Amino acid sequence: MGQKVNPIGFRLGVYRNWDARWYADKEYTKLLHEDLAMRRLIGSRLRNAGVARIETERSANQLTVIIQTAKPGIVIGKQGASVDALRDELERISGKKVRVTIHEIKTPELDATLVAENVASQLEKRIAFRRALKQTLMRSMRAGAKGAKIQVGGRLGGSEMSRREWDRDGRVPLHTLRANIDYGQAEARTTFGRIGVQCWLYLGDFVTATGEPIPAPGRERAEQPEPVAVVERTVVVPAAEAVATPAVEEVPVLAESAGDENGAAVDEVPDEDEDDIAAVVPGQVKSDEKVEKLTPKRAAPRRKSPAAKKPTTTPRVVKKPAKKPGVDVPADEPEEEED
């Protein structure tokens, strides 16, 4: 079976702060029971006020209680009467001066505890649990949540066998620490028994003090090798151009010089140009090799065989008219006579 972890406790001390902020050495158990008693009192008196979170801060002689609620008017009452009564009861429990601070929650659809209480209240009114889940999920997603999951467990629909049903919309990354996931739970007291409701809301990632999102640990390492690759490319490109440019320049210079001076192709360059080529590149071994490579190309005089073949073609043309008057006519007549 999977081991379930509370999302709030999983992020305590990393991205989320404690609800009870105080320290004690010897009187720890006494102060802990005082906190639990005060939370029970506030939860019972303000059951319909939509209380989402209760925070306590202790100093030497004073206790501060911060109440986050979606309905501050019910908590305060007319002219602050209900707040004063609540403060007096808290002072009896703690024996110190109590300061009550009320914070309003403007979007209750984005608070997991209030969403779970809303589903529980619908189940108490005998609304179908599947319909209640879908409606609350739609409201939370419309309010701006990136993901939501609601789970209901107990005698659903009055069945004798209890079971669990859940529905989800969006994504809820429970294992991502930087993900701001709010968790809340509530109980629906029905005639068949108690039905538990759990809610997870994914509200985005936690941000730094400047408001920028916290980068993932793997992205910084992935971005480092990219500029190194760019530097290598810039170094390689000019090196290739430096090698390619002299080789391209030397070959056409020789061809143009030979063609311009003689007005002919490179194969028809006379032997006198060899001294000029050697003078252009003096004292280099590569220049000598190029001169040697050009020498076999100057076998063009041997290729002038077509010019020598021209006289051979001319006598053939001359012989044909010689045969026509003298040989062909008398030879044809006697053959016709014999036939």
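The values are calculated or read from the model by the stated rules, or taken from the named source; none is laboratory data. No experiment lies behind these values; they were computed from the predicted model shown. Heads up, the Cβs are rebuilt from the backbone with ideal geometry, glycines too, and the neighbour counts pull from every protein chain shown. Accessible surface areas use protein heavy atoms only, side chains included; no ligands, DNA or RNA. Shrake-Rupley method; radii C 1.70, N 1.55, O 1.52, S 1.80 Å.
Based on protein heavy atoms only, the range 139-210 ends up with 59 Å² per residue of surface accessible to a 1.4 Å probe. Sequentially through the range 144-157, phi angles give Karplus couplings (6.51, -1.76, 1.60; θ = phi - 60°) of x, 6, 7, x, 8, 9, 10, 10, 10, x, x, 7, 6, x Hz, Gly and Pro residues having no value and appearing as x. Estimated translational diffusion coefficient (Stokes-Einstein, Kirkwood radius over Cα pairs, 4 °C, 1.567 mPa s) of the range 85-196: 80 µm² per second. Summarising the label geometry, the points placed 7 Å from Cα in the beta-carbon direction at residue 6 and residue 187 lie 1.6 nm from one another. Computed from point charges on the beta carbon alone (+1 for Lys and Arg, -1 for Asp and Glu), the dipole magnitude for the range 7-70 about its Cα centre is near 220 Debye.
With a simple spin-label model that places each label point 7 Å from the Cα along the Cα-to-Cβ direction, the separation between residue 88 and residue 23 comes to 3.7 nm. Ligands, DNA and RNA left out, the accessible area of the range 1-104 computed with a 1.4 Å probe is 51% carbon and sulfur. Candidates 69, 188, 83 compared by Cα position along the dipole of the range 46-194: farthest toward the positive end lies 188, with charges placed on Cβ.
In this structure the amide hydrogen of residue 204, modeled in the peptide plane, comes within under 5 Å of the amide hydrogens of 146, 180, none closer than 5 places in sequence on its chain. Distances longer than 13 Å among the Cα atoms of the range 112-174: what percent of all pairs is that? When all Cα pairs of the range 112-174 are counted, 62 percent exceed 13 Å.
What's log10 of I(q)/I(0) for the range 29-70 at q = 0.20 Å⁻¹, Debye sum over Cα points only, no solvent? With one equal scatterer per Cα and no solvent, log10 I(q)/I(0) is -0.64.
Cross-link pairs exceeding 24 Å in C-alpha to C-alpha distance, out of 4/149; 4/125; 71/96, comprise 4/125; 71/96.
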